[in-house]
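What follows is one structure encoded as C-alpha coordinates, with my remarks underneath.
The values are calculated or read from the model by the stated rules, or taken from the named source; none is laboratory data. All values reported here derive from a predicted model rather than from experimental measurement. Don't worry about glycine lacking a Cβ; one is built from the backbone with ideal geometry, like all the others, and counts go over all protein chains shown. These area figures cover heavy atoms from the full protein model, side chains too; ligands, DNA and RNA do not enter into them. Shrake-Rupley method; radii C 1.70, N 1.55, O 1.52, S 1.80 Å.
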Amino acid sequence: MAEMKILTKFIEDPRSNELEFYESVHGYDGMKKALAMAPEEIIDIVKKSGLRGRGGAGFPTGMKWSFIPKDIPKPKYLICNADEGEPGTFKDRKLIENLPHQIIEGMVIGAKAIGANKGFFYIRGEFNKGIDSMQKAIDEAYAKGYLGKNILGSGFDFDLVLYAGAGAYICGEETALINSLEGRRGHPRLKPPFPAVSGLYRCPTVVNNVETFSTVPHIIDKGADWYSKIGTEKSPGTRLFSVSGHVKRPGVYEIELGTPLLELINDLCGGMLDDIPLKAVIPGGSSVPILTAEECKTANMDFESMAAHKTMLGSGAVIVIGEGTDLVETTYRFARFYAHESCGQCTPCREGTHWVRDLLHKIREGEGTTADLDLILSLARNMEGGTTICPLSDACVGAVRPTILKFKHEFEARLKDKAAKEEVEQPAASGA
(Lines give C-alpha, C1' and ligand atoms only; values in the text may rest on other atoms or scores of the structure.)
Protein backbone atom coordinates (compact mmCIF):
# COMPACT_ATOMS: atom_id res chain seq x y z
CA MET A 1 0.00 0.00 0.00
CA ALA A 2 1.27 3.47 -0.87
CA GLU A 3 0.35 6.88 0.44
CA MET A 4 -1.83 9.13 -1.70
CA LYS A 5 0.08 12.37 -1.44
CA ILE A 6 -1.73 15.57 -2.37
CA LEU A 7 -0.93 17.94 0.49
CA THR A 8 2.41 16.33 1.31
CA LYS A 9 3.73 15.56 -2.17
CA PHE A 10 6.75 17.84 -1.78
CA ILE A 11 7.03 17.90 2.00
CA GLU A 12 10.34 16.03 2.12
CA ASP A 13 12.12 18.44 -0.22
CA PRO A 14 14.58 20.57 1.80
CA ARG A 15 13.33 23.68 -0.05
CA SER A 16 9.63 22.98 0.50
CA ASN A 17 9.16 25.97 2.82
CA GLU A 18 10.60 28.45 0.32
CA LEU A 19 8.38 30.59 -1.90
CA GLU A 20 10.46 30.03 -5.04
CA PHE A 21 10.19 26.26 -4.70
CA TYR A 22 6.47 26.39 -3.91
CA GLU A 23 5.83 28.46 -7.04
CA SER A 24 7.85 25.98 -9.13
CA VAL A 25 5.42 23.17 -8.23
CA HIS A 26 2.33 25.23 -9.19
CA GLY A 27 1.95 26.86 -5.81
CA TYR A 28 -0.48 29.82 -5.74
CA ASP A 29 -2.12 28.64 -8.99
CA GLY A 30 -5.31 27.90 -7.07
CA MET A 31 -5.25 31.35 -5.47
CA LYS A 32 -4.84 33.03 -8.85
CA LYS A 33 -7.90 31.19 -10.14
CA ALA A 34 -9.88 32.07 -7.03
CA LEU A 35 -9.07 35.76 -7.30
CA ALA A 36 -10.87 35.80 -10.67
CA MET A 37 -13.96 34.07 -9.22
CA ALA A 38 -16.97 35.42 -7.40
CA PRO A 39 -17.07 34.50 -3.68
CA GLU A 40 -20.19 32.38 -4.21
CA GLU A 41 -18.42 30.40 -6.92
CA ILE A 42 -15.53 29.54 -4.58
CA ILE A 43 -17.91 28.44 -1.84
CA ASP A 44 -19.90 26.35 -4.31
CA ILE A 45 -16.76 24.51 -5.49
CA VAL A 46 -15.69 23.75 -1.91
CA LYS A 47 -19.21 22.56 -1.09
CA LYS A 48 -19.34 20.26 -4.12
CA SER A 49 -15.93 18.82 -3.27
CA GLY A 50 -17.34 17.48 0.00
CA LEU A 51 -14.35 18.75 2.00
CA ARG A 52 -14.94 18.30 5.71
CA GLY A 53 -13.01 20.11 8.42
CA ARG A 54 -9.80 18.37 9.42
CA GLY A 55 -9.59 19.75 12.94
CA GLY A 56 -11.78 17.13 14.59
CA ALA A 57 -15.49 17.81 14.12
CA GLY A 58 -15.54 17.05 10.38
CA PHE A 59 -18.08 19.79 9.58
CA PRO A 60 -18.48 20.55 5.83
CA THR A 61 -16.12 23.43 5.04
CA GLY A 62 -18.12 25.04 2.23
CA MET A 63 -21.25 25.05 4.34
CA LYS A 64 -19.37 26.70 7.20
CA TRP A 65 -18.19 29.46 4.86
CA SER A 66 -21.73 29.96 3.53
CA PHE A 67 -23.00 30.84 7.02
CA ILE A 68 -21.15 34.18 6.93
CA PRO A 69 -23.71 36.98 6.42
CA LYS A 70 -23.27 38.65 3.04
CA ASP A 71 -24.57 42.23 3.31
CA ILE A 72 -23.61 43.66 6.68
CA PRO A 73 -21.34 46.65 7.39
CA LYS A 74 -19.17 44.82 9.95
CA PRO A 75 -15.72 43.54 8.88
CA LYS A 76 -15.29 39.78 8.50
CA TYR A 77 -12.36 37.78 9.83
CA LEU A 78 -10.64 34.52 8.88
CA ILE A 79 -8.63 32.50 11.41
CA CYS A 80 -6.39 29.48 10.95
CA ASN A 81 -6.37 27.27 14.05
CA ALA A 82 -2.80 26.02 14.42
CA ASP A 83 -3.06 25.37 18.15
CA GLU A 84 -2.39 21.66 17.79
CA GLY A 85 -2.54 20.35 21.34
CA GLU A 86 -4.38 17.01 21.27
CA PRO A 87 -2.13 14.29 22.76
CA GLY A 88 -0.72 12.16 19.95
CA THR A 89 -1.30 14.77 17.22
CA PHE A 90 1.56 16.26 15.19
CA LYS A 91 0.35 16.38 11.57
CA ASP A 92 -0.36 20.13 11.39
CA ARG A 93 3.10 20.93 12.72
CA LYS A 94 4.63 19.18 9.70
CA LEU A 95 2.56 21.32 7.32
CA ILE A 96 3.41 24.52 9.20
CA GLU A 97 7.14 23.83 9.23
CA ASN A 98 7.49 22.44 5.71
CA LEU A 99 4.67 23.87 3.57
CA PRO A 100 3.64 27.21 5.05
CA HIS A 101 2.84 28.79 1.67
CA GLN A 102 0.23 26.11 1.01
CA ILE A 103 -1.59 27.24 4.17
CA ILE A 104 -1.31 30.92 3.23
CA GLU A 105 -2.69 30.20 -0.24
CA GLY A 106 -5.67 28.38 1.27
CA MET A 107 -6.31 31.26 3.65
CA VAL A 108 -6.31 33.85 0.85
CA ILE A 109 -8.85 31.72 -1.05
CA GLY A 110 -10.99 31.36 2.08
CA ALA A 111 -10.80 35.09 2.73
CA LYS A 112 -11.96 35.87 -0.81
CA ALA A 113 -14.84 33.42 -0.39
CA ILE A 114 -16.21 35.04 2.77
CA GLY A 115 -15.16 38.63 2.04
CA ALA A 116 -12.58 38.92 4.82
CA ASN A 117 -9.78 41.47 4.51
CA LYS A 118 -8.00 40.48 7.71
CA GLY A 119 -6.84 37.09 8.92
CA PHE A 120 -4.97 35.60 11.85
CA PHE A 121 -2.75 32.55 12.03
CA TYR A 122 -3.13 31.37 15.63
CA ILE A 123 -0.24 29.03 16.41
CA ARG A 124 0.69 27.09 19.53
CA GLY A 125 3.34 29.04 21.42
CA GLU A 126 5.69 26.04 21.79
CA PHE A 127 6.01 25.59 18.01
CA ASN A 128 9.15 27.70 17.73
CA LYS A 129 10.29 26.23 14.42
CA GLY A 130 6.78 26.54 13.00
CA ILE A 131 6.50 30.17 14.12
CA ASP A 132 9.75 31.03 12.35
CA SER A 133 8.75 29.12 9.21
CA MET A 134 5.30 30.70 8.99
CA GLN A 135 6.50 34.25 9.69
CA LYS A 136 9.16 33.91 6.99
CA ALA A 137 6.52 32.67 4.54
CA ILE A 138 4.17 35.55 5.42
CA ASP A 139 6.98 38.05 4.81
CA GLU A 140 7.78 36.40 1.46
CA ALA A 141 4.12 36.45 0.45
CA TYR A 142 3.83 40.17 1.23
CA ALA A 143 6.99 40.91 -0.76
CA LYS A 144 5.62 39.00 -3.77
CA GLY A 145 2.19 40.65 -3.62
CA TYR A 146 0.35 37.50 -2.51
CA LEU A 147 -0.73 39.30 0.69
CA GLY A 148 -1.62 42.92 1.36
CA LYS A 149 -3.41 45.50 -0.74
CA ASN A 150 -4.77 44.73 -4.21
CA ILE A 151 -3.37 41.19 -4.41
CA LEU A 152 -1.96 40.59 -7.90
CA GLY A 153 -4.04 43.50 -9.21
CA SER A 154 -7.29 41.74 -8.38
CA GLY A 155 -8.68 44.52 -6.24
CA PHE A 156 -8.86 42.15 -3.26
CA ASP A 157 -7.06 43.07 -0.02
CA PHE A 158 -6.03 40.58 2.64
CA ASP A 159 -3.67 41.11 5.57
CA LEU A 160 -2.42 38.15 7.60
CA VAL A 161 -1.06 38.32 11.15
CA LEU A 162 0.71 35.53 13.04
CA TYR A 163 -0.29 35.23 16.68
CA ALA A 164 1.43 32.83 19.09
CA GLY A 165 -0.76 31.52 21.91
CA ALA A 166 0.40 30.63 25.40
CA GLY A 167 0.04 26.87 25.07
CA ALA A 168 -3.44 26.19 26.45
CA TYR A 169 -5.19 23.09 25.09
CA ILE A 170 -8.56 24.77 25.51
CA CYS A 171 -7.60 27.39 22.91
CA GLY A 172 -7.99 24.70 20.26
CA GLU A 173 -11.75 25.31 20.73
CA GLU A 174 -12.66 28.09 18.31
CA THR A 175 -14.39 30.49 20.69
CA ALA A 176 -11.66 30.09 23.34
CA LEU A 177 -9.15 30.82 20.56
CA ILE A 178 -11.11 33.96 19.64
CA ASN A 179 -11.13 35.13 23.26
CA SER A 180 -7.37 34.58 23.41
CA LEU A 181 -6.89 36.64 20.23
CA GLU A 182 -8.84 39.45 21.83
CA GLY A 183 -6.47 39.42 24.81
CA ARG A 184 -8.90 37.70 27.16
CA ARG A 185 -8.61 34.43 29.05
CA GLY A 186 -8.95 31.45 26.75
CA HIS A 187 -12.43 30.54 27.94
CA PRO A 188 -14.98 29.11 25.50
CA ARG A 189 -18.07 31.19 24.80
CA LEU A 190 -21.68 30.15 25.01
CA LYS A 191 -23.21 29.39 21.61
CA PRO A 192 -25.32 30.74 19.98
CA PRO A 193 -24.32 33.19 18.70
CA PHE A 194 -21.87 31.20 16.60
CA PRO A 195 -18.64 32.76 15.29
CA ALA A 196 -20.10 33.00 11.78
CA VAL A 197 -22.43 35.68 13.16
CA SER A 198 -20.52 37.01 16.17
CA GLY A 199 -16.91 35.92 16.44
CA LEU A 200 -13.72 37.96 16.67
CA TYR A 201 -14.56 41.46 17.96
CA ARG A 202 -18.23 40.37 17.68
CA CYS A 203 -17.90 40.29 13.90
CA PRO A 204 -18.57 37.41 11.45
CA THR A 205 -15.65 34.98 11.67
CA VAL A 206 -14.58 31.67 10.15
CA VAL A 207 -12.12 29.40 11.97
CA ASN A 208 -10.61 26.44 10.11
CA ASN A 209 -7.79 24.01 10.77
CA VAL A 210 -4.32 24.03 9.16
CA GLU A 211 -4.98 20.89 7.10
CA THR A 212 -8.35 22.22 5.94
CA PHE A 213 -6.80 25.40 4.53
CA SER A 214 -3.95 23.37 3.01
CA THR A 215 -6.48 21.30 1.05
CA VAL A 216 -8.42 24.23 -0.43
CA PRO A 217 -5.85 25.32 -3.09
CA HIS A 218 -5.82 21.83 -4.63
CA ILE A 219 -9.62 21.76 -4.85
CA ILE A 220 -9.78 25.16 -6.54
CA ASP A 221 -6.94 24.31 -8.90
CA LYS A 222 -8.15 20.83 -9.96
CA GLY A 223 -11.88 21.07 -9.36
CA ALA A 224 -14.56 19.70 -7.07
CA ASP A 225 -15.20 16.62 -9.22
CA TRP A 226 -11.56 15.57 -9.06
CA TYR A 227 -11.50 15.81 -5.26
CA SER A 228 -14.88 14.22 -4.62
CA LYS A 229 -13.82 11.06 -6.49
CA ILE A 230 -11.03 10.42 -3.99
CA GLY A 231 -11.93 8.62 -0.76
CA THR A 232 -15.54 7.63 -0.05
CA GLU A 233 -18.83 9.25 -1.03
CA LYS A 234 -19.36 10.91 2.35
CA SER A 235 -15.69 11.22 3.31
CA PRO A 236 -13.97 12.45 0.15
CA GLY A 237 -10.30 13.26 -0.24
CA THR A 238 -7.17 12.33 1.65
CA ARG A 239 -6.31 12.94 5.26
CA LEU A 240 -3.12 13.22 7.26
CA PHE A 241 -2.68 10.89 10.21
CA SER A 242 0.02 11.16 12.83
CA VAL A 243 0.80 7.61 13.91
CA SER A 244 2.60 6.94 17.18
CA GLY A 245 2.98 4.11 19.66
CA HIS A 246 4.02 0.52 19.07
CA VAL A 247 4.69 0.59 15.32
CA LYS A 248 7.97 0.15 13.48
CA ARG A 249 7.65 3.37 11.47
CA PRO A 250 5.77 6.08 13.37
CA GLY A 251 5.22 9.35 11.53
CA VAL A 252 2.79 11.43 9.47
CA TYR A 253 1.02 9.62 6.62
CA GLU A 254 -1.38 10.98 3.99
CA ILE A 255 -3.87 8.34 2.90
CA GLU A 256 -7.12 8.15 0.98
CA LEU A 257 -10.10 8.28 3.32
CA GLY A 258 -11.72 4.86 3.56
CA THR A 259 -8.39 3.02 3.85
CA PRO A 260 -8.58 0.09 6.31
CA LEU A 261 -6.98 0.93 9.64
CA LEU A 262 -4.90 -2.26 9.65
CA GLU A 263 -3.47 -1.40 6.22
CA LEU A 264 -2.19 1.88 7.65
CA ILE A 265 -0.61 0.05 10.60
CA ASN A 266 0.75 -3.04 8.85
CA ASP A 267 1.73 -1.66 5.43
CA LEU A 268 2.71 1.98 5.80
CA CYS A 269 3.87 1.80 9.41
CA GLY A 270 5.66 -1.53 8.95
CA GLY A 271 3.57 -3.46 11.47
CA MET A 272 3.86 -3.77 15.20
CA LEU A 273 7.08 -2.90 16.99
CA ASP A 274 9.04 -6.05 17.87
CA ASP A 275 6.14 -7.98 16.30
CA ILE A 276 4.14 -7.85 19.52
CA PRO A 277 0.38 -8.47 19.14
CA LEU A 278 -1.94 -5.49 18.68
CA LYS A 279 -3.97 -4.73 21.78
CA ALA A 280 -5.89 -1.55 20.90
CA VAL A 281 -5.86 1.64 18.83
CA ILE A 282 -6.97 5.15 19.69
CA PRO A 283 -7.82 6.33 16.15
CA GLY A 284 -8.21 10.10 16.48
CA GLY A 285 -6.34 11.53 19.44
CA SER A 286 -6.72 10.96 23.16
CA SER A 287 -10.29 12.29 23.32
CA VAL A 288 -11.87 9.62 21.08
CA PRO A 289 -13.04 6.17 22.21
CA ILE A 290 -10.51 3.36 21.99
CA LEU A 291 -10.87 0.41 19.58
CA THR A 292 -10.04 -3.15 20.57
CA ALA A 293 -7.82 -5.28 18.32
CA GLU A 294 -10.94 -7.13 17.15
CA GLU A 295 -12.72 -3.88 16.24
CA CYS A 296 -9.66 -2.72 14.29
CA LYS A 297 -10.19 -5.56 11.82
CA THR A 298 -13.32 -3.90 10.42
CA ALA A 299 -12.48 -0.22 10.98
CA ASN A 300 -11.74 2.04 8.01
CA MET A 301 -10.21 5.49 8.20
CA ASP A 302 -13.26 7.55 7.27
CA PHE A 303 -15.91 9.45 9.22
CA GLU A 304 -18.72 6.94 8.66
CA SER A 305 -16.79 3.80 9.56
CA MET A 306 -15.51 5.40 12.75
CA ALA A 307 -19.03 6.50 13.68
CA ALA A 308 -20.25 2.93 13.11
CA HIS A 309 -17.58 1.78 15.55
CA LYS A 310 -18.75 4.46 18.03
CA THR A 311 -15.55 6.47 17.78
CA MET A 312 -14.17 9.31 15.61
CA LEU A 313 -11.30 10.34 13.36
CA GLY A 314 -10.91 13.36 15.64
CA SER A 315 -7.63 15.20 15.25
CA GLY A 316 -6.06 12.46 13.12
CA ALA A 317 -3.80 11.01 15.83
CA VAL A 318 -3.55 7.23 15.59
CA ILE A 319 -2.10 5.86 18.84
CA VAL A 320 -1.22 2.18 18.42
CA ILE A 321 -1.10 0.11 21.61
CA GLY A 322 0.60 -3.26 21.83
CA GLU A 323 0.03 -6.15 24.22
CA GLY A 324 1.68 -5.61 27.58
CA THR A 325 0.68 -1.94 27.77
CA ASP A 326 -0.82 -0.91 31.10
CA LEU A 327 -4.13 0.68 30.11
CA VAL A 328 -4.85 1.73 33.68
CA GLU A 329 -1.72 3.88 33.57
CA THR A 330 -2.52 5.16 30.07
CA THR A 331 -6.07 6.14 31.04
CA TYR A 332 -4.86 7.86 34.20
CA ARG A 333 -2.39 9.97 32.23
CA PHE A 334 -5.07 11.10 29.80
CA ALA A 335 -7.39 11.99 32.70
CA ARG A 336 -4.58 13.94 34.36
CA PHE A 337 -4.08 15.89 31.13
CA TYR A 338 -7.75 16.89 30.87
CA ALA A 339 -7.94 17.84 34.55
CA HIS A 340 -4.90 20.07 34.07
CA GLU A 341 -6.22 21.69 30.88
CA SER A 342 -9.80 22.38 32.05
CA CYS A 343 -10.39 26.14 32.12
CA GLY A 344 -12.66 25.68 35.17
CA GLN A 345 -15.57 27.63 33.74
CA CYS A 346 -18.16 24.81 33.94
CA THR A 347 -18.83 22.78 37.09
CA PRO A 348 -19.17 19.33 35.44
CA CYS A 349 -15.78 19.77 33.78
CA ARG A 350 -13.96 21.63 36.57
CA GLU A 351 -15.03 19.14 39.24
CA GLY A 352 -15.57 16.05 37.08
CA THR A 353 -12.15 15.92 35.42
CA HIS A 354 -10.38 16.25 38.78
CA TRP A 355 -12.54 13.60 40.43
CA VAL A 356 -11.94 11.20 37.52
CA ARG A 357 -8.20 11.83 37.70
CA ASP A 358 -8.06 11.31 41.47
CA LEU A 359 -10.15 8.13 41.38
CA LEU A 360 -8.01 6.68 38.61
CA HIS A 361 -4.90 7.54 40.60
CA LYS A 362 -6.37 5.67 43.55
CA ILE A 363 -7.07 2.60 41.39
CA ARG A 364 -3.66 2.86 39.74
CA GLU A 365 -1.98 2.77 43.15
CA GLY A 366 -3.91 -0.36 44.13
CA GLU A 367 -5.99 1.47 46.71
CA GLY A 368 -9.29 1.60 44.78
CA THR A 369 -12.52 -0.29 45.24
CA THR A 370 -15.32 -1.42 42.96
CA ALA A 371 -17.29 1.60 44.21
CA ASP A 372 -14.56 3.90 42.84
CA LEU A 373 -14.83 2.31 39.41
CA ASP A 374 -18.62 2.69 39.49
CA LEU A 375 -18.27 6.30 40.60
CA ILE A 376 -16.09 7.12 37.59
CA LEU A 377 -18.77 5.78 35.26
CA SER A 378 -21.43 7.71 37.15
CA LEU A 379 -19.41 10.93 36.92
CA ALA A 380 -18.97 10.36 33.17
CA ARG A 381 -22.74 10.40 32.66
CA ASN A 382 -22.94 13.83 34.31
CA MET A 383 -19.98 15.24 32.38
CA GLU A 384 -21.16 14.56 28.82
CA GLY A 385 -23.91 15.46 26.40
CA GLY A 386 -23.98 19.24 26.43
CA THR A 387 -23.64 19.86 30.17
CA THR A 388 -20.69 22.20 29.51
CA ILE A 389 -19.93 25.12 27.20
CA CYS A 390 -17.24 23.27 25.22
CA PRO A 391 -16.44 19.58 24.58
CA LEU A 392 -13.43 19.27 26.93
CA SER A 393 -15.54 17.45 29.52
CA ASP A 394 -16.82 15.09 26.81
CA ALA A 395 -13.22 14.60 25.67
CA CYS A 396 -12.24 13.38 29.13
CA VAL A 397 -15.18 10.97 29.10
CA GLY A 398 -14.16 9.72 25.64
CA ALA A 399 -10.65 9.06 26.89
CA VAL A 400 -11.74 7.21 30.03
CA ARG A 401 -15.12 5.45 29.91
CA PRO A 402 -14.73 3.34 26.71
CA THR A 403 -11.36 2.06 27.95
CA ILE A 404 -12.82 1.08 31.32
CA LEU A 405 -15.79 -0.66 29.68
CA LYS A 406 -13.77 -2.50 27.02
CA PHE A 407 -10.85 -3.43 29.27
CA LYS A 408 -12.66 -3.61 32.59
CA HIS A 409 -10.78 -6.71 33.62
CA GLU A 410 -7.54 -4.71 33.75
CA PHE A 411 -9.04 -2.14 36.10
CA GLU A 412 -10.72 -4.83 38.20
CA ALA A 413 -7.40 -6.69 38.43
CA ARG A 414 -5.96 -3.73 40.33
CA LEU A 415 -8.86 -3.92 42.77
CA LYS A 416 -8.53 -7.70 43.10
CA ASP A 417 -4.80 -7.39 43.73
CA LYS A 418 -5.53 -5.14 46.70
CA ALA A 419 -8.17 -7.55 48.04
CA ALA A 420 -5.75 -10.47 47.70
CA LYS A 421 -3.08 -8.57 49.63
CA GLU A 422 -5.55 -7.83 52.43
CA GLU A 423 -6.46 -11.53 52.69
CA VAL A 424 -2.81 -12.47 53.02
CA GLU A 425 -1.97 -9.73 55.50
CA GLN A 426 -5.00 -10.28 57.78
CA PRO A 427 -4.18 -13.86 58.95
CA ALA A 428 -0.55 -12.92 59.43
CA ALA A 429 -1.58 -10.02 61.64
CA SER A 430 -3.97 -12.17 63.74
CA GLY A 431 -1.30 -14.90 64.14
CA ALA A 432 1.14 -12.37 65.58
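Filtering V247, V197, V252 for residues that are in the same structural domain as K94 (by the TED database) and either β-branched (V, I, T) or crowded, with 24+ Cβ neighbours inside 10 Å (or both) leaves a single hit, V197.
Quick check: is even one residue across region 171-181 open to solvent by 50 Å² or more (accessible area, probe 1.4 Å) and over 21 Å from G115 (Cβ atoms)?
Quick first cut of region 171-181, residues open to solvent by 50 Å² or more (accessible area, probe 1.4 Å) only: none.
Within region 171-181, none of the residues are open to solvent by 50 Å² or more (accessible area, probe 1.4 Å) and over 21 Å from G115 (Cβ atoms).
When region 384-417 is filtered for residues that are within 30 Å of T175 (Cβ to Cβ) and in a loop (DSSP other than H, G, I, E, B), the ones remaining, listed by number, are E384, G385, G386, T387, T388, I389, C390, P391.
The condition of being assigned to a loop (DSSP other than H, G, I, E, B), at positive phi and open to solvent by 30 Å² or more (accessible area, probe 1.4 Å) holds for only one of K234, K310, that being K310.
Can you tell me how many residues within region 75-85 are assigned to a loop (DSSP other than H, G, I, E, B) and crowded, with 24+ Cβ neighbours inside 10 Å?
Total satisfying the criteria: 2.
Taking the criterion of being within 26 Å of I170 (Cβ to Cβ) and buried (at least 21 other Cβ atoms within 10 Å of the Cβ), the residues of region 360-379 that qualify are L360, I376, L379.
Any residue in region 19-28 that is of a type in the set (S, T, Y) and surrounded by fewer than 20 Cβ atoms within 10 Å (Cβ to Cβ)? Let's see the steps before the verdict.
Here is the first cut: in region 19-28, the residues of a type in the set (S, T, Y) are 22, 24, 28.
From the residues that got through so far, the ones that are surrounded by fewer than 20 Cβ atoms within 10 Å (Cβ to Cβ) too are 24.
The answer is yes, given that some residue of region 19-28 is of a type in the set (S, T, Y) and surrounded by fewer than 20 Cβ atoms within 10 Å (Cβ to Cβ).
Can you say whether G186 is out of contact with any strand residue (DSSP E or B) (no Cβ under 9 Å at 6 or more places or on another chain) and either buried (at least 17 other Cβ atoms within 10 Å of the Cβ) or on the phi > 0 side of the Ramachandran plot (or both), as far as the supplied structure shows? Judged against the criteria, G186 is a match. Of all residues in region 10-24, none satisfies being hydrophobic (A, V, I, L, M, F, W, C), modelled with pLDDT of 95 or more and touching a Phe, Trp or Tyr at 6+ places or on another chain (Cβ under 6 Å).
Any residue at all in region 78-87 that's free of Cβ contacts under 8 Å to residues at least 60 places away in the same chain and assigned by the TED database to the domain that holds P193? Scanning region 78-87 turns up no residue that is free of Cβ contacts under 8 Å to residues at least 60 places away in the same chain and assigned by the TED database to the domain that holds P193.
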